[in-house]
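Student: One structure, pasted below without further comment.
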Amino acid sequence: MLTKEQFHEKIAHGLRFLDGATGSNLQKVGMPRGCCTEEWILSHPDALTDLQRRYVDAGSQIILAPTFQAQPIPLERVGLADRTEELNAQLVQLSRSVSSDVLVAGDLTTLATFLDSFDEANFDLMVDQYRRQIRGLIDGGADILAAETLMYPLEAEAILTAAELEGAGAVLYTFTMQPDGSLFSGRDAGKVLRELEESGAAAVGFNCVAADMMTPYLISKLRRDVKGPLICKPNAGIPVIDPDQTVRYPMSPDEFAGIMAQCRQNGASLLGGCCGTAPEFIAKLKETLA
């Protein structure tokens, strides 16, 4: 894995573009809603590699391995908890097969839907969950780790602890947050991100926030506290639910790229997309910033 210093050196030499959404794009090619994404991908590897090649062709320099909820508790639902390390390693290796010219990030996320509370009583459990996943990600050859869509500071601390215990290198942290710059736990996001920086995070920021005219303001607000690389990975606007219950994201690649250009101007270092985005969004973003 890259160290934090090696990762920062790559940013200094032009590392800028992350990838976009994975799950919503896989659903377009047949992945059922509500399934175990990681299990489905291992049965349909071409669906993932085709998508990730399109991201690389569009300009993504970092692609996230599809290990979003590959922690033991979620995998237990499909009887795969005992294969946690193996599955994480396999999924990283699958993403690695796409290109040798990009960084592959092992992806981790919140356990909010699987735990009844985020307090010290569950801290050791969270650390154990993330340690097993991180061990598999390292064994699979991940260049960096990306903890995304986090909600509570304590789970970020659990990931930080697990990463240290497993000897991980560069780790990125992004929270989903409210437009005023607060986390859903009520904490001020800027202060939490600053604390993570001081504890060794390689980069911090947000994802899964609707890209709109408030997003550049949010970047400016966070930049007051964040001194290092700042990640901006929003959704393609506010989702709309159609009469047939289909979730649709209304923003076009041009609109998305325009807002992201303002985010870059306001201090964002690493740019990508979350829900509703696709390779076309990354291509337009790269073209706009060129």
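The values are calculated or read from the model by the stated rules, or taken from the named source; none is laboratory data. In this text, all values refer to a predicted model and were calculated from it rather than measured experimentally. Cβ placement follows ideal geometry from the backbone for every residue including glycine, while neighbour counts extend to all protein chains displayed.
Student: Among the residues of the stretch 28-50, count how many are over 20 Å from ASN207 (Cα atoms), assigned to a helix (DSSP H, G or I) and either in contact with an Asp or Glu (Cβ under 6 Å, 6 or more places away or on another chain) or not charged (D, E, K, R) (or both). Please lay out each step first, then the result.
Tutor: Within the stretch 28-50, the first condition is being over 20 Å from ASN207 (Cα atoms), and the residues that meet it are 28-36, 38-50.
Remaining after also requiring assigned to a helix (DSSP H, G or I): 38-43, 45-50.
Filter once more, keeping what is either in contact with an Asp or Glu (Cβ under 6 Å, 6 or more places away or on another chain) or not charged (D, E, K, R) (or both): 40-43, 45, 47-49.
Summing the residues that are over 20 Å from ASN207 (Cα atoms), assigned to a helix (DSSP H, G or I) and either in contact with an Asp or Glu (Cβ under 6 Å, 6 or more places away or on another chain) or not charged (D, E, K, R) (or both) in the stretch 28-50 gives 8.
Student: What tally of residues in the stretch 228-241 results from selecting those that are part of a strand (DSSP E or B) and more than 18 Å from the chain's Cα centre (by Cα)? First the steps, then the outcome.
Tutor: If we filter the stretch 228-241 for residues that are part of a strand (DSSP E or B), which is where we start, we get 230-235, 240-241.
After this cut, where a residue has to be more than 18 Å from the chain's Cα centre (by Cα) as well, the list is 240-241.
Total satisfying the criteria: 2.
So that you can scan it fast, the table gives a plain yes or no per residue for (1) surrounded by fewer than 19 Cβ atoms within 10 Å (Cβ to Cβ); (2) within 23 Å of ARG194 (Cβ to Cβ); (3) touching a Lys or Arg at 6+ places or on another chain (Cβ under 6 Å):
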position	(1), (2), (3)
SER95	no, no, no
SER99	yes, no, no
VAL102	no, no, no
SER117	yes, no, no
GLU120	yes, yes, no
ILE138	no, no, no
ALA162	no, yes, yes
ALA168	no, yes, no
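Student: Looking at the stretch 278-290 only, could you name the residues that are out of contact with any Leu (no Cβ under 9 Å at 6 or more places or on another chain) and not in a helix (DSSP H, G or I)?
Tutor: ALA290
Student: Identify all residues within the stretch 46-70 that are loosely packed, with under 15 Cβ neighbours inside 10 Å and under 28 Å from GLN129 (Cβ atoms); write none if there are none.
Tutor: Scanning the stretch 46-70 gives no hits.
Student: Further, regarding this structure: Going by the conditions given, is ASP225 at pLDDT below 95, surrounded by fewer than 22 Cβ atoms within 10 Å (Cβ to Cβ), among the charged types (D, E, K, R) and part of a loop (DSSP other than H, G, I, E, B)? Even if it seems obvious, please write down each step before you answer.
Tutor: Details: at pLDDT below 95: no; surrounded by fewer than 22 Cβ atoms within 10 Å (Cβ to Cβ): yes; among the charged types (D, E, K, R): yes; part of a loop (DSSP other than H, G, I, E, B): yes.
For ASP225, the condition - at pLDDT below 95, surrounded by fewer than 22 Cβ atoms within 10 Å (Cβ to Cβ), among the charged types (D, E, K, R) and part of a loop (DSSP other than H, G, I, E, B) - is not met.
Student: For the subset of the stretch 1-51 comprising residues that are in contact (Cβ under 8 Å) with a residue 60 or more places away in the chain and among the β-branched types (Val, Ile, Thr), which member is nearest to ALA163 (Cα to Cα)?
Tutor: It comes out as THR3.
Student: Quick check on PHE17: is it surrounded by 17 or more Cβ atoms within 10 Å (Cβ to Cβ), within 20 Å of GLY136 (Cα to Cα), touching a Ser or Thr at 6+ places or on another chain (Cβ under 8 Å) and of a type in the set (Phe, Trp, Tyr)?
Tutor: On the way: surrounded by 17 or more Cβ atoms within 10 Å (Cβ to Cβ): yes; within 20 Å of GLY136 (Cα to Cα): no; touching a Ser or Thr at 6+ places or on another chain (Cβ under 8 Å): yes; of a type in the set (Phe, Trp, Tyr): yes.
Here the answer is no, as PHE17 does not meet what is asked.
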